[in-house]
1. Just to be sure, is ASP703 surrounded by fewer than 18 Cβ atoms within 10 Å (Cβ to Cβ), more than 60 Å from the chain's Cα centre (by Cα) and in contact (Cβ under 8 Å) with a residue 60 or more places away in the chain?
2. Which one is surrounded by the most Cβ atoms within 10 Å (Cβ to Cβ), of the residues in region 93-102 that are closer than 16 Å to GLY119 by Cβ and of a type in the set (D, E, K, R)?
3. Residue check: is ALA345 closer than 21 Å to GLU492 by Cα, among the hydrophobic types (A, V, I, L, M, F, W, C) and either modelled with pLDDT under 90 or surrounded by 12 or more Cβ atoms within 10 Å (Cβ to Cβ) (or both)?
4. Does GLU627 satisfy being closer than 23 Å to PRO705 by Cβ and surrounded by fewer than 21 Cβ atoms within 10 Å (Cβ to Cβ)?
5. In region 341-396, what residues are in contact with a Cys (Cβ under 8 Å, 6 or more places away or on another chain) and outside any helix (DSSP H, G or I)?
6. Scan region 696-721 for residues that are charged (D, E, K, R) and in a loop (DSSP other than H, G, I, E, B) and jot them down.
7. Going residue by residue through region 586-603, is there one that turns out to be crowded, with 18+ Cβ neighbours inside 10 Å, polar (S, T, N, Q) and in the same structural domain as PRO670 (by TED's automatic domain parsing)?
8. Does VAL202 satisfy the criteria of being touching a Lys or Arg at 6+ places or on another chain (Cβ under 6 Å) and within 22 Å of PHE169 (Cα to Cα)?
Amino acid sequence: MNNEPRQNPYEVLGVEKDAEARAIKKAYFERVRQNPPETHPEEFRRLREAYELLSDPEARQAFDASAAQQADGPEAAKNATLQEAINLFEAGDKVGGRRLLTELLNEQPDLHDARILLGRHFLYEGDAKEALAEFDALLARAPDHWQGHLQRGWALLRLEQMKEAADAFWRAGKHGPSEVGPRVALADCLEAMGQVADSLKVLEEAQSLPGISRMDVLALKVRRIATMLEFGQDANAEKELERLDAELPENADPELRRWTGGQLSSAAAHLFSQQKSKGANQLLAFGRRFNPESATEVAYPTRVILDVDVLPPVTREWLHAEAERTDGWRAVMTWVMPAILTLAAAAGTAFLLGFIYFGISERDVSDWVWCAVFAAVFCGVTWALARRLLRVMASPYGRFNTIHPLHLIQVAIDRITVWPLVHLQDLQLVNRHVNGAYQFTAIEMRFNDKRMTLPVHGKEKAEALAQELIARRRRVLELLGRGMLDAESGVEHLPPELLARADKKGRVRAERARSPWPGVFAAAGVGVLLVAGAVWPQRQTAAAHAWTRVASQGDLASMLEYLRERPDPRFAPKLQARVDAELDKARAQLEARLDPGSAAAPSRAFFAHLLDAVSRNHSRRVTVQWEAPAGKRTSSREDPSELLVGAWQRTVDEALGRGVLVVDGGRGLPVDGPPLLSLHVKEGGPGGSPSQRVWSVKHEGLDVPVPPLELVADAADPRASEVLFRGWVDRWHLPGAGNRRPLLLTASTLVQEARP
């Protein structure tokens, strides 16, 4: 309450004393447009106070009663006293106002207007018991006073005596048979008691009151529809809305249609306060048919993300001013993190491409496919981050959060996220700590079915922001309920109709907005092309490195593997010459060790064939495989496979020198290549007997000048394997032929050799 003397609200708005509610609202909006709050704040305040008083039927009735003092007659003094009490209450002198009314009632106990004014004052101050006492005193003198019963019901409602309040409201309707207020109050009370069906019935019956105006009927219908939506009767509400639309066609009184739209908005505000956003938006969307001129009485999506390019100039100017106020675009983290990420991605891409181009390892097709995939990913990510960095540097806003009169707004470079405050249903402050040290406060909010978290550094700052959000939501719902939201200062900074353009995903995109994906795919394609262009030079580099490595090692196995696996025409002739030189050394050693007069001299041709095959096939493997007799299980002790491999390795080493040929049992290393010569030894033969051991020896792979063999030894001889192998060596004239030293080096032969 202020200390200024109250002006006549009818004069402030320029309407007659008997003006209807729609005429009052029309006059209010016309004067607000002439005196906007930005340029005429005092005049706007006077207009709003006048409209608030006249839009409240009970407050208007009280004012009309007190204004009667201007008339001449015996009631003038009484009315003057009532007006003086009202002025004292508005000036903040509660004690003086109560004393004045108490003295007046002592003199005139039947002055019911004074007692109602005193009781309403107690209700306003929160003293429901004192208010109830005053209304009981009034009804003791005037049991049929419908306003007394109505006010008594409100007092009982404050005391949470629901049944008694419902009875009081019913009696008020009984004694005021044409009054709408008691019926609405009774419906609200029944609704609070959970008797929704009875509440809807009361509102429906109230529409048939004698002498009820059409506007009151429409208001009751809207109230009934809102109750249906609040309690999940959506289908019935939809039918009632269609009936309401049919009752007010487009050719009906435009002022009445606008007034009905305002009633729907008021009901929507109530539903928003009850966290029934779906029903509230349904009413706002339907009310748009009746009041299309309103800028704020529209359906509000839960969240909308808008591209900055779709914003009108007034919104951009406001955002720029907010960015200046909050230092949004000056915040270091606005551009530092995008810059760091972009540089890191660029460095990673450069390192990857350098590895692909200058790597010295050999790669097959699958390796190149993976290189192309990684290059595409790195190039695409780098392009996307670079694009984002350019957007950040070009943005005049940066990152910040601000509060619009209707919304919480998050600004992020070139897009904004709008959270309409009508959907704010829950808000909590959570202090975040790390190792016991306070870091920041998270404001966790729920907007209808979506949640969002706003980090704020500083507890006091977070609490102040939370209080501002709650107060702003309360004011939005209050203004929406009164139909005054259009006149709120700052609403024009973000036109609500812009939010209505959101698609199903809640996005409003610029008409010519370019999607980042074509650029990402193009950058990925460039990465693939760079990899394709690196195939030939990298292979040349890998081949040169392989040649350098083999040439530096100089061993026969590496040189043969290079000539066999990757005979690069640039280096193969040189390497073949080095291989032939190594083989010539082996030939010279063969000539030196197998002199013409020795028993092994005939095997020169055999080993010469092997050396020629090594030079030609670039492999140095000889395999010796022993096969047990069919159907006979042989123990590991009787299996001579390893002995044969070892004996043959010693034989070729003795003839050619170490490292020239490699002998294995059929499982060689890849570096040694495929077998040049395979020797098969099969235990048993067609002419053998149980008292004999027979080896059948065959060879395949090379056409060497040695015959197949069938060797026989006494099965009872513990040195049978040695005898059989010695027969093999003697028949093929291998090194060791004619020499009595053990060749297989079995345990029995070593023991026999050790005897004197």
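1. Numbers: surrounded by fewer than 18 Cβ atoms within 10 Å (Cβ to Cβ): yes; more than 60 Å from the chain's Cα centre (by Cα): yes; in contact (Cβ under 8 Å) with a residue 60 or more places away in the chain: yes.
Yes.
2. We begin by selecting, within region 93-102, every residue closer than 16 Å to GLY119 by Cβ; these are 94, 97-102.
Remaining after also requiring of a type in the set (D, E, K, R): 94, 98-99.
Working: LYS94: 14, ARG98: 18, ARG99: 13.
Across region 93-102, the extreme among qualifying residues is ARG98.
3. In short, no.
4. Answer is no for this residue.
5. ARG363, the sole residue that qualifies.
6. ASP703, ASP717, ARG719
7. Within region 586-603, one or more residues are crowded, with 18+ Cβ neighbours inside 10 Å, polar (S, T, N, Q) and in the same structural domain as PRO670 (by TED's automatic domain parsing).
8. Answer is yes for this residue.
The values are calculated or read from the model by the stated rules, or taken from the named source; none is laboratory data. Remember, it's a predicted structure, so these values are computed and weren't measured experimentally. A quick note on method: Cβ atoms are made from the backbone with ideal geometry, for glycine too, and the neighbour counts reach across all protein chains shown.
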